[in-house]
1. Evaluate the following for residue 102: is it surrounded by 21 or more Cβ atoms within 10 Å (Cβ to Cβ), outside any loop (DSSP other than H, G, I, E, B) and at negative phi?
2. Of 227, 207, 221, 240, which residue is touching a residue at least 40 places away in the same chain (Cβ under 8 Å), in contact with a Cys (Cβ under 7 Å, 6 or more places away or on another chain) and in a helix (DSSP H, G or I)?
3. Of all residues in the range 47-69, which are in contact with a helix residue (DSSP H, G or I) (Cβ under 8 Å, 6 or more places away or on another chain), part of a loop (DSSP other than H, G, I, E, B) and more than 21 Å from residue 256 (Cα to Cα)?
4. Mind counting the residues in the range 183-220 that are farther than 16 Å from residue 82 by Cβ, surrounded by 11 or more Cβ atoms within 10 Å (Cβ to Cβ) and either modelled with pLDDT of 90 or more or over 29 Å from the mean Cα position of the chain (by Cα) (or both)?
5. Test of understanding: among 83, 24, which residue is surrounded by 20 or more Cβ atoms within 10 Å (Cβ to Cβ), acidic (Asp, Glu), more than 14 Å from the chain's Cα centre (by Cα) and in the same structural domain as residue 349 (by TED's automatic domain parsing)?
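The values are calculated or read from the model by the stated rules, or taken from the named source; none is laboratory data. Computed from a predicted structure; not experimentally measured. Neighbour counts run over all protein chains shown; Cβ positions are idealised from the backbone, glycine included.
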Amino acid sequence: MGPITLFDKSFLQSLTVDESVWFDHYFTPNICPLFFVETLADLAKNNLRDGRTAEHEVAIIADKTPEVSGYVCAYHAQLCLGDLLGHPVPLTGQIPMPGGQTVQLNGQTGLVFPQAPETEAMSRWQAGQFQEVERIVAREWRQAVSELDLKGMAETMQTIGINGKTCKSLDQAAKMARDIVQSPNKPFDQMKLLFYFTKIGRQHIPAVLERWKVASYRPLAQHAPYAAHILTIELFFQIALAASLISSDRPSNRVDVSYLFYLPFCEVFTSTDRLHKKCAPLFLREDQDFVWGDDLKADLRHTNAHWLATLTEAQREAGLNTIPHIPIEHEGSVIVRLWDRHSPGWRNRLKRVEPKMPPEMERQLIEQVKAIREAPPISLPQEERLKMDFPHTTVERSVHPRKGSWWQVPKGMPRQDD
């Protein structure tokens with residue numbers, strides 16, 4: 001598996017379908033909820049070029065969405081609330097997935113993640129099938145974004161002294177935001193700001209405050225690190241607006257900055273959005289990278305051309321799984337650089353000959369996976385579940401047999417539908 005990679009809609013739109021296949025093949029894409037919402041919102045677009053319909057535009061993006069190696073990330077507001085209630089959120093690159101069901105089979109407890117509703121929707125959108133509720137949500141979301149009063153937000157911050165004189169760079173805006181959130185002083189003001197920005201439901205506030213009270217009202221950065229990350233991004237955006245470092249004339253800037261909420265859940269972030277290029281590196285860990293989307297696209301294009309020229313039609317029909325999950329080395333390769341940094345040891349696999357699994361063992365493995373999928377779910381207390389080391393985890397996927405020039409599964413593989 002390649003580096004865990006967060007991407008935005010602008011990057012996926014820049015790819016051809018063939019290039020998107022190789023992004024899925026050589027990376028582990030983090031499909032964040034904001035990407036789905038942005039894609040769906042295109043249903044409400046008007047005045048498209050070349051006579052295209054909004055439905056066609058959405059179907060094009062859906063067709064490029066990773067299916068084989070991607071994982072849907074949990075919604076940041078839910079993760080923030082969980083963090084405040086004592087359910088730790090990992091901030092070291094792994095993707096927190098929603099919807100896991102605990103099952104038990106032969107005395108072993110495991111996790112099953114059914115196909116995410118978002119990916120089911122993407123499959124429908126590829127076929128041009130949209131539900132009326134999705135059209136309503138698209139219209140409401142686009143309207144809400146267009147009505148964002150960024151100028152009003154900037155003016156509010158300016159009244160407390162934030163302007164172009166007190167904050168002269170995005171670096172300084174990020175530092176100011178961190179200083180506010182990490183300060184041991186005024187913890188109640190920090191929590192008030194968090195409630196304001198995240199719109200945590202009133203029904204949850206008593207439980208959040210009770211847990212914080214038991215923890216002696218320690219600073220937010222110590223008490224709930226992911227919640228502190230959310231607040232830092234929010235404050236950074238407000239400060240940058242007030243200092244005219246981010247334009248208040250583009251409501252979509254608010255949406256673009258929201259992708260930064262998901263930075264803790266990746267090793268690489270790629271985008272063709274210039275605001276991301278300027279802001280994301282300010283919040284990355286030392287072991288993370290921002291990659292300009294055009295540079296990665298060029299390498300994916302090179303990869304696609306290489307395999308089209310190398311493989312016969314019969315070899316392509318055998319499916320992508322027969323193609324090594326090892327990047328193609330060439331001068332200046334972005335993919336190789338990222339694999340060297342985030343997937344060390346991959347070169348040793350070039351020297352190893354992986355033994356082929358005996359047919360009987362393969363059959364038994366398939367039967368075991370089916371049994372796990374069909375095992376009845378069991379209920380476990382959250383505290384116990386967090387401590388468990390599950391011996392097996394199953395993730396259900398729906399994969400289109402062919403995408404662009406490439407068979408994602410063997411051409412002759414029996415299937416229920418397309």
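1. Details: surrounded by 21 or more Cβ atoms within 10 Å (Cβ to Cβ): no; outside any loop (DSSP other than H, G, I, E, B): yes; at negative phi: yes.
Criteria not met by residue 102.
2. Numbers: 207 fails: in contact with a Cys (Cβ under 7 Å, 6 or more places away or on another chain); 221 fails: in contact with a Cys (Cβ under 7 Å, 6 or more places away or on another chain); 240 fails: in contact with a Cys (Cβ under 7 Å, 6 or more places away or on another chain).
The conditions single out 227.
3. Within the range 47-69, 48, 67, 68, 69 qualify.
4. 6
5. On the way: 24 fails: more than 14 Å from the chain's Cα centre (by Cα).
After ruling out the rest, the residue left standing is 83.
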